[in-house]
Amino acid sequence: MRKTGKTFTAALAPLMLIASLTSCSKGETEAVPKLPEQICWNVFPGKDISPFLPTGKSVTIDNDPFVLNESLDEPICSLYIDGNTQFQALARYQDFESGIDWSSFDPAKPERIDVGKKGIMWDDGAAAYIVCEPPKSDATPGKYIDLHIYTFGKPGDRTARKALPTLMKQFVTFAQRELNCTDAP
């Protein structure tokens, strides 16, 4: 008796199912790697960052010292999962308020958030700035700190967006305290 393609395929179906179940059970379920209790200059609780991170095997955190002594200093903290950037926080020192330019975020249609002197948020990031030392006159420099948080999650996932206002408030509070800002909002 000759087997047709239909019979042959039907006969193999249980074997294919067993093979696919076996390969699934051998693999481990991936999870978000365990984060330290606090990350990025001890500003952000790992438990607050973890919900919007992808699964992976290893986490690495690269921290610049949080030093902002002169114009254009820019400490950055990056969190990597399996070598890919998944979270980033940075601060930038500006002499003049006009040096803070967020126009590159306009395509993301940011909304205002009540943090710092001014704050904005979009789906995968937020920015705020603080006045650390006001200028003595319009022509003299002050000390403005421009803070940014970036997440690199899945498009359309709003988990990070829900967390961003709280994370940015933590960042602003830290920067004000760390830099002894005199003009805290």
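None of the figures in this text is laboratory data; all of them are computed from the coordinates on show. Quantities reported herein were computed from a predicted structural model and do not represent experimental measurements. Neighbour counts run over all protein chains shown; Cβ positions are idealised from the backbone, glycine included.
Each of Asp95 and Ser50 was given a label point 7 Å from its Cα along the Cα-to-Cβ line. The distance between the two points is 4.5 nm. Computed extension gain for Arg158 through Lys118, at 0.36 nm per residue and net of the alpha carbon distance, reaches 12.2 nm.
Taking each residue as 0.36 nm, the span from Gln38 to Thr60 lengthens on full extension beyond its C-alpha to C-alpha distance by 6.6 nm. Counting lysine pairs in the stretch 30-178 whose alpha carbons fall under 13 angstrom apart, excluding pairs fewer than 8 residues apart on the same chain, gives 5. In plain terms, the residue of Val43, Val115 with the fewest other Cβ atoms within 10 Å comes first and the most crowded comes last, giving Val43, Val115. Over every Cα atom in the stretch 63-164, the radius of gyration and the widest Cα-Cα span, Dmax, amount to 14.7, 49 Å.
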